[in-house]
Each structure stands twice: as C-alpha cells, then as structure tokens.
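Participant: Handing you a structure now.
Bear in mind that the values in this text are calculations on the coordinates, not laboratory data. Computed from a predicted structure; not experimentally measured. All Cβ positions, even for glycine, are placed from backbone atoms using ideal geometry, and neighbour counts span all protein chains on display.
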Amino acid sequence: MNTLDFKERLSFIIPSYRSYKTIGRAISSILAQTDQAFIEEVIVVDSSDDSATKECLKRITDPLVKVVELPQKTPPAEGRNIGARKALGQILCFIDSDVQLSSDWIGQVIVAWSEGVRVGGGAVVIPEEQNKNLLALGQFYLQFNEFMDTGDKRIVSFLPSCNLFCDRDVFLKAGSFPDLQAAEDVMFCLKAGEYSPVWFVPKARCFHIFREEWISFLKNQELIGKYVMIYRRLYYRLWFYKGLWPIVLLPVFVMIKLIRMISRIVKGGAGHCLRFMVSLPAFIPGMLFWMWGFFQGVLQFDRR
C-alpha cells in the first residue's frame, strides 16, 4: 500500500505511574517510527508521585508529546480514558509505559486499517536483553502465549491493552475501559467487539519489558488470576462460574488452560518450545499463584 494515500492521524495514549525506567524508551520508539508523519500526538497521562518520572518527562521536549499530570495515583484504565477524551486523532493507539514498538508498527497499523480493521493490536515480544531472563520468559508464556508474533492476521475475542489500536467512533460506542483492574482490556475488547471485529495483527509488534523481581512477578500473577475469575462471572454468567463451582472445577479449568497454552507454544515453533522449557522454574510457581488468585476471586465475588 502507498502510505501517501492514507488520510487518518494517530493519537498515542500512554498511562504512566512511576515509569521513569521505561517511559523514555516507550516514547522514543513512537517518535522513531518509519511512518512518524502520521502521528497526531503522544499523550502521556501521568499520576506519578516520584521526582524521577516527573524529571524524565520534563526532559522530553518534542512538541508531539503532551503530558497530562494527575494529582493522585490513577488506574491505567482511567488513564487511557482520560487520554482518549483529549485525543485529536481518529485512530487511538493504546500502549503501556513498559513497551517499545517495532519501527514499522505504524506501517502495519496503516495496512490493517486500509483492509478494514477498526479494532486491532499486535504481538508481544520479549526484548533482546531479557531473552534469557527466567522471570521474563515465565511471564511471557503465562500472559502472552496467545499473542506471539506467529501466524496470520485473525479475529480474536480480546487483545492486551499494552499494544492496541481502536477507531475513535468504536471507542466511544464501547464506552471506554472499565474500572476492573487486570481485566479492563478484556472487558473493553469484548464490548468493542459488539461494534467491530477485534483483529490480531502479529506483524505490529511491541517489545514488552517484564518484571525481574520474584515478589512482583508472583503478586502480579495472583492479581491476574483473581480478576480473570471476576470478569468471567461478570461477563459470561454461566453455571460453572456461579457459587463455589469454579473451585470444584479449578483442576479442569487449569488443565484446559495448560493444553491451550502448550498448543500455541508448539505451533510457535522449536525456538518457543525450547524457551518455554527453560521458563518452567518460573512458569510453574507463576501458575500456582494464578490459581491462588483465581480462588480468591471466587470468594471475593461471593461477598459482593
């Protein structure tokens, strides 16, 4: 496709909280895009209370970068919503402060948009410096095995909000990101999918910088498991998510989850299979903490 024929503009929206270690690289990866001429703005919605992040953002002088400072810590979902309300572009691009986009990311979005994609997102990839990091590998295969950079463009149920683009009109119809920590991207995509198919575009890659501390890693898996249970009860309302049935059926859920994970990894090729095996000392504890979080989600929902 000849990008000269493309008329839309892209607004990038990045929620930020104490992101001084990574936010600079995230913004630089946007400004260094091959097709940077289509960038309308980069909106950073920052609720940090540390001087390091604030100083880092002050040092960024590119006129495309706009910083919205919030007075108190704000969940990522609300940060994205605030940024979206201020955005001027027709294509809203949501990325996280701990990712770096591949240099042709905008080009891949333009191709997908020209083919009719109005809600989409790309693959998540481990950055080179973390390719041999045990915790990074464990997190990658636990959280993003559905979004490896393999296969063809395809319709999916949801996408991670660290690498997501959406037509402004669809975003407004979907009603923005809900306040449901660790599951807001799933709930948003399920709602947006009622107005436009949600497409996975593997070639639009982002490099995700993963946690490298055990406590942070395990707490995050626990949080994810907890809110997976909560969103499933809120959205699906099926009998096996009611009462204490999820606890009784937890071994079945875990078995199905593992079969799906391993199937995707095998389809990803020998390289992914080998790295998955290497990740097992982190993957297994992470899975156990996910299960513990799932159990907590059942009990918390019943107390509501």
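Participant: For the chain, how big is Rg over Rh, using alpha carbon atoms and the Kirkwood form of Rh?
Facilitator: So for the chain, dividing Rg by the Kirkwood Rh gives 0.95.
Participant: Starting from the Cα of LYS153, draw a straight line to each of the lysines and keep only those under 16 Å, dropping any in the same chain fewer than 8 residues away.
Facilitator: List returned: LYS203, LYS267.
Participant: Whole number please: convex hull volume per residue of the Cα set in segment 49-115, in Å³?
Facilitator: With only Cα atoms used, segment 49-115 gives 126 Å³ per residue.
Participant: Further question on the same structure: Pick from GLU115, GLU194, GLU146: which is most flexible by mean-square fluctuation in a GNM of the chain where alpha carbon atoms under 10 Å apart are linked?
Facilitator: Per the Cα network of the chain with a 10 Å cutoff, GLU115 tops the list.
Participant: Could you tell me what percent of the DSSP beta bridges with both partners in the chain are antiparallel, to the nearest 5?
Facilitator: Expressed as a percentage, antiparallel bridges in the chain total about 40.
Participant: Could you tell me what percent of the DSSP beta bridges with both partners in segment 73-217 are antiparallel, to the nearest 5? Each step should come with its number before you reach the end.
Facilitator: Details: 14 of 20 bridges.
Antiparallel bridges: around 70 percent, rounded to the nearest 5.
Participant: Next up: Once you have the Cα-Cα distance between VAL266 and LYS173, take 0.36 nm times their residue separation minus that, and quote the gain in nm to one decimal.
Facilitator: Value of the extension gain: 29.7 nm.
Participant: Also, quick follow-up: How far is it, in nm, from the label point at LEU299 to the one at ASP5 when both lie 7 Å from their Cα along the line to the Cβ?
Facilitator: 6.0
Participant: Within segment 200-304, report the chymotrypsin sites (Phe, Trp or Tyr not before Pro) that DSSP leaves as loop and that have at most 13 other Cβ atoms within 10 Å.
Facilitator: Filter output for segment 200-304: TYR236.
Participant: Taking segment 11-57 as the region of interest, what is the percent of Cα-Cα pairs per 10 angstrom bin, listed from the shortest bin to the one with the maximum distance?
Facilitator: 27, 52, 20, 2
Participant: Can you tell me what the convex hull of the Cα atoms of segment 107-226 projects to on average, as an area in nm²? List each step's numbers first, then the result.
Facilitator: Values: hull surface 30.8 nm².
That works out to 7.7 nm².
Participant: Still on this model: Dividing the alpha-carbon Rg of segment 214-302 by 2.2 N^0.38 Å yields what?
Facilitator: 1.18
Participant: Give the relative contact order (percent, whole number) for the chain; include only Cα pairs under 8 Å separated by 6+ residues.
Facilitator: About 20 percent, as a whole number.
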